[in-house]
Amino acid sequence: MTDKVLNMSFSKIYSLYVAKAERKNRTRQEVDSIIMWLTGYGNEDLLRHTESDITLEQFFSLAPMMNPDRFLITGTVCGIRVENIENKTLRDIRYLDKLIDELAKGRPMEKILRSGKSDN
């Protein structure tokens, strides 16, 4: 299952993220902000990757700088606690899934983009 997820097309997953967000009255720009916050990609690089055939594994392995605050992301995605996933790349993918879920559930961007502080 891990290989299947890692080999998925980033552009396909990206379009699903955007569609999910837009169904919940959120925007592509918010999805982009989340991805850039998590990975360190800029607008141009993100756009280039959304138009390429790069896999999720490649997208995350090429990320300029994964956000150190990503470890503050906790909870479950697909019934699995994201913070307990051992494979680093798969954990980063699930972090992104969790952030997009939070966006779709209407959580404010300030809360989604953790800032090294407790949510309490």
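Could you check how many residues of the stretch 15-52 are within 21 Å of ARG70 (Cα to Cα) and not in a helix (DSSP H, G or I)?
Of the residues in that region, 3 qualify.
Yes/no matrix, rows are residues, columns are (1) loosely packed, with under 11 Cβ neighbours inside 10 Å; (2) touching a residue at least 40 places away in the same chain (Cβ under 8 Å); (3) at positive phi; (4) basic (Lys, Arg):
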site	(1), (2), (3), (4)
GLU44	yes, no, no, no
PHE59	no, yes, no, no
CYS78	yes, no, yes, no
GLU83	no, no, no, no
ARG91	no, no, no, yes
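Looking at (1) assigned to a helix (DSSP H, G or I); (2) in contact with a helix residue (DSSP H, G or I) (Cβ under 6 Å, 6 or more places away or on another chain); (3) under 21 Å from ARG26 (Cβ atoms); (4) not aromatic (Phe, Trp, Tyr), which one does LYS111 not meet, given that it meets all the others?
(2)
Readers should treat all values here as calculations from the given coordinates under stated rules, not as data from a laboratory. As the structure is a prediction and not an experimental result, all values here were calculated from the model. Cβ atoms come from the backbone with ideal geometry, glycine included; neighbour counts cover every protein chain shown.
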